[in-house]
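Comments concern the structure below.
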2 protein chains.
Amino acid sequence: MRPSSPRQAAEPVRQEGLRSINLELVFRHILAAPAPISRTELATGTGLTRPTISRIVEELLAGNLITETGLTHDGRAGRPRVGLSISDKGPAGLGLDIRSDGLAACVVDLTGTVRHLAFAPSTYADQGAPAVLAELARMAGTAIEATAAEDLTVVTATLAVPGPVDAGMVRSAPALGWRNVDAGALLRGATRHLAVPITVDNEANLAALGELYASDNTLSSFVYVSGGLGIGAGIVLDGQLLRGVRGWSGELGHVTVYPDGKPCPCGSRGCLQTYASLPAILSDEPVPPHSTPDAAVTGRADAGDPATLAALDTAGTALGIALSDVINILDIDTVLLGGAFSLLSSWLTATIRTELNQRVLTAAWAPLTVRPAQLGPDAAVIGAALTAIDQIRQHPTAWLLR
Amino acid sequence: MRPSSPRQAAEPVRQEGLRSINLELVFRHILAAPAPISRTELATGTGLTRPTISRIVEELLAGNLITETGLTHDGRAGRPRVGLSISDKGPAGLGLDIRSDGLAACVVDLTGTVRHLAFAPSTYADQGAPAVLAELARMAGTAIEATAAEDLTVVTATLAVPGPVDAGMVRSAPALGWRNVDAGALLRGATRHLAVPITVDNEANLAALGELYASDNTLSSFVYVSGGLGIGAGIVLDGQLLRGVRGWSGELGHVTVYPDGKPCPCGSRGCLQTYASLPAILSDEPVPPHSTPDAAVTGRADAGDPATLAALDTAGTALGIALSDVINILDIDTVLLGGAFSLLSSWLTATIRTELNQRVLTAAWAPLTVRPAQLGPDAAVIGAALTAIDQIRQHPTAWLLR
DNA sequence: CGGTTTAGGTCAACCCATGAAACAAACCCA
DNA sequence: TGGGTTTGTTTCATGGGTTGACCTAAACCG
């Protein structure tokens with residue numbers, strides 16, 4: 001017999017552990033503060049005493065996790081507060097993304113702001129995985145070099161991939177033509193001189209994480225739907241990314257919409273992807289040279305092309321059906337349309353809402369929100385870079401003891 | 001900006017807090033042990049020292065959470081160990097369930113064993129919620145009285161209800177004919193003399209919890225599908241019940257299977273319920289008097305009635321489609337067929353497996369399990385009783401400070 | 001310009017949980 | 001019966017956090 005929550009500390013806590021627990025508590029308080037916060041405010045906020053706060057703050061300052069931002073004069077009598085806020089120097093995260101229209105790299109500092117963002121348009125359709133990853137490795141090198149000049153140290157790099165990943169192995173990424181590619185090992189080989197640990201994760205998961213951070217406390221549970229050559233989803237419940245048993249959650253593109261519908265390359269029939277991915281919306285119309293699927297669809301929709309508008313309507317309906325399943329199963333009240341869908345949201349949201357209101361059992365007595373994502377196509381790179389930041393944020397002690 | 005996991009301690013940890021953390025650690029170790037465990041074994045297992053263990057054990061003994069089970073002579077030299085195991089006296093949980101065929105009450109002790117199980121066949125179709133809950137209150141009274149004689153103290157009662165619940169309010173339970181019934185308040189009123197706090201929760205969620213406990217460490221992520229007059233699901237991921245934003249997760253019965261299919265009372269079309277619930281499988285055939293829908297279906301299937309077998313086939317297909325959505329979205333690898341489905345599993349599993357293998361993207365490289373649940377129709381009552389136990393197990397300190 | 005007010009640091013004394021080492025208890029075996 | 005062995009307990013030292021007092025720094029106010 002087992003307790004239903006095995007995710008508790010398995011290690012005993014000694015006095016020194018107590019110190020690190022309180023250190024993390026203080027650090028979280030600084031993170032959560034909307035503006036620089038003083039030591040005294042921290043003391044009242046956390047319940048710890050000022051001497052303890054002072055000691056912890058000293059430790060955080062020494063570790064480059066926070067900085068003193070100078071005095072704040074708020075007009076009141078008395079000595080002004082010394083503001084403390086998250087440091088914009090020190091540890092940083094590197095994100096890498098393989099998009100439908102090119103490669104992207106991005107560095108984010110501890111405060112969550114993007115300090116470097118590079119994009120290289122490229123068609124990797126004719127290249128193999130090693131070539132693509134070598135190019136990404138080059139971009140990673142310049143990103144690290146550029147941000148090192150600003151006193152940033154990249155601690156982890158995360159690669160976003162459109163498809164299920166497990167332990168660095170990309171099981172299947174049809175958009176890239178990859179099957180069982182060990183992207184982790186390849187990228188690790190190409191970046192050996194940089195000495196940065198590499199992680200590989202699903203693109204939609206990472207984008208969801210990016211949106212979570214960007215939402216600034218207002219969102220804590222949502223489904224991020226990523227539209228592109230395929231369709232993926234990142235599910236965040238109570239501020240926590242749901243990864244599933246093996247990290248393969250969010251395969252929304254293969255949710256069955258019409259059981260006897262169009263055949264899908266995956267072997268099934270009626271998958272959402274066959275109705276709502278960009279190729280499906282484009283039907284058989286070819287994409288003009290020097291354009292991208294994203295641009296082609298928005299261009300035709302803006303021009304009022306009836307076939308495209310009809311395709312967008314079927315896509316919206318299919319998305320609505322699939323999302324109503326997600327909501328009935330998980331009870332989540334917010335849907336973010338990301339990737340290419342963020343550009344197409346004005347043609348999709350109404351249709352999706354109609355389906356949700358009809359099909360979600362609880363929609364009758366609790367409203368649902370459907371809206372475009374904030375970060376647009378950069379969500380995944382930014383989210384990838386944020387994973388490193390997230391780890392430090394949750395376990396600052398690990399960084400201090402590096 | 002926020003850390004992605006807000007579920008961390010918001011309170012500072014002082015020395016006493018440290019003690020309770022280690023107390024919980026030790027308690028979990030005793031829970032996880034397959035047999036009575038000695039103080040020294042606890043010391044080596046947890047990493048704490050023997051003196052600390054002794055003090056903590058003393059505290060647990062005083063609080064009636066564990067008991068000494070006598071000396072174990074294993075033939076080796078040295079002083080014999082004093083076995084420690086979870087107490088079968090002290091705190092207990094009370095579960096109440098409104099089933100399609102009657103009312104059930106159950107008391108479970110800290111070890112997770114059922115100490116009292118009562119069932120009252122009843123047709124509440126013609127009665128109102130107050131009458132049903134008054135009867136349940138009577139059953140609760142006798143259950144508490146009976147187990148008090150065995151030194152058990154019921155700390156919380158949990159009512160299982162087939163439908164979405166929020167804060168004691170039953171939003172909609174078509175199987176009972178309830179809509180917006182404040183079951184929590186009604187039951188609280190009827191049990192005022194018992195002075196036991198009341199919780200109300202979804203039946204499928206509770207049954208999933210029951211199965212989780214009954215599985216004895218072998219299961220940690222699964223979907224429990226509860227078949228009956230409606231269809232619900234309880235989702236357990238990594239030993240944790242997924243409740244969703246408002247606790248309305250698992251509405252599997254209203255997942256869309258055929259978008260343009262049969263109309264459902266909920267207002268949508270093609271819901272799973274309209275193909276796989278017991279009424280759907282029975283089609284228009286009336287249930288004989290003095291029988292139940294469960295018995296009618298199994299009887300006809302056993303007899304080889306072609307219409308029933310065909311209906312079971314459509315039900316299995318529909319279940320497979322809906323479950324493939326769940327798995328594509330959540331990446332869970334085990335499905336437990338519960339409620340009436342546990343009795344019907346021999347007619348359902350093959351069909352369900354076929355659909356899953358076709359429609360789940362990752363099924364190609366990772367196997368899925370579909371099998372009947374262990375506890376049968378009592379899963380929900382037992383699970384309901386276990387919620388109280390679960391709380392004590394996760395936060396034994398709260399019980400000690402009662 | 002000096003008094004007041006607030007932020008922050010520093011120092012003692014104390015509390016309390018854990019760790020280390022010594023000690024008592026209860027078994028085996030010869 | 002006595003030595004060896006393992007278990008559980010007692011005693012003392014350690015160390016972190018708290019409380020409280022006292023002090024300095026830096027603003028406002030009359």
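Brief remarks on what is shown
- Counting charges near B:Leu323 (Lys, Arg +1; Asp, Glu -1) among other residues having Cβ under 15 Å from its Cβ returns a value of -4.
- For chain A, the longest principal axis of the Cα atoms and the long axis of helix A:50-62 meet at an angle of about 60 degrees.
- Short-range pairs are left out: with C-alpha atoms under 8 Å and at least six residues apart, the relative contact order of chain A is 16 percent.
- Evaluating kT/(6 pi eta Rh) at 10 °C and 1.306 mPa s, with the Kirkwood radius of the range A:358-398 over Cα pairs in the Stokes-Einstein relation, gives 117 µm² s⁻¹.
- Dipole magnitude of the protein assembly as shown, debye to nearest 20 (Cβ charges: Lys/Arg +1, Asp/Glu -1, about Cα centre): 1960 debye
- Take each residue of peptide A:360-370, count the partner chain Cβ atoms within 10 Å of its Cβ, and average: the result is 5.
- Of the peptides A:87-93, A:381-387, the ranking by mean beta-carbon count within 10 Å, highest at the top, reads A:381-387, A:87-93.
- Within the accessible area of chain B (1.4 Å probe), percent carbon and sulfur: 53 percent
- Highest to lowest packing among B:42-52, B:172-182, B:325-335, scored as the average C-beta count within 10 Å: B:325-335, B:172-182, B:42-52
- Paramagnetic label reach from A:Ser122 (point 7 Å along Cα→Cβ; backbone nitrogen cut-off under 16 Å): within the range A:377-395, residues A:381.
- 14 Å beta-carbon shell around B:Ala149, net charge (K/R +1, D/E -1): -3
- Applying D = kT/(6 pi eta Rh) to chain B, where Rh is the Kirkwood radius over alpha-carbon pairs, T corresponds to 25 °C and eta to 0.890 mPa s, the Stokes-Einstein value obtained is 108 µm²/s.
- 0 to 90° range, to nearest 10: angle between helix B:306-330 axis and chain B longest Cα axis: 50 degrees
- Per residue, chain A reaches -13000 deg cm²/dmol at 222 nm when only DSSP H runs of four or more residues are counted, each adding -39500 (n - 2.57).
- Rounded to 10°, Cα long-axis angle of helix A:379-394 versus longest principal axis of chain A: 30 degrees
- Exercise: per-residue mean of other protein chain Cβ atoms within 10 Å, B:320-327: 5
- Computed E for A:Ser54/B:Val114 - FRET, C-beta separation, R0 51 angstrom, nearest 0.05: 0.40
- Dipole in debye (nearest 20) - chain A, about Cα centre, beta carbon charges: Lys, Arg +1; Asp, Glu -1: 1140 debye
- Other residues with beta-carbon under 10 Å from the beta-carbon of B:Pro121 carry, at +1 per Lys or Arg and -1 per Asp or Glu, a net charge of 0.
- Contact-buried residues of the range B:166-193, at a threshold of 30 Å² lost accessible area versus the chain by itself: B:Arg171 (1.4 Å probe; DNA, RNA and ligands ignored).
- Per residue of peptide A:232-240, the mean number of Cβ atoms on other chains within 10 Å of the residue Cβ is 3.
- Rounded to the nearest 20 debye, the dipole magnitude of the range B:15-86 is 240 debye, with +1 charges on Lys and Arg beta carbons, -1 on Asp and Glu beta carbons, and the Cα centre as origin.
- Taking all protein chains into account, the per residue accessible area for the protein assembly as shown stands at 39 Å² (1.4 Å probe).
- Interface size B-A, as summed buried accessible area [1.4 Å probe, Å², nearest 100]: 7500 Å²
- In the elastic network of chain B, a GNM with C-alpha springs shorter than 10 Å, the most mobile of B:Ser54, B:Ser291, B:Ser283 is B:Ser291.
The values are calculated or read from the model by the stated rules, or taken from the named source; none is laboratory data. What you are looking at is a predicted structure, and each value in this text was computed from that prediction instead of being measured. Heads up, the Cβs are rebuilt from the backbone with ideal geometry, glycines too, and the neighbour counts pull from every protein chain shown. The accessibility values were calculated without ligands, DNA or RNA, using every heavy atom of the protein model including side chains. Shrake-Rupley method; radii C 1.70, N 1.55, O 1.52, S 1.80 Å.
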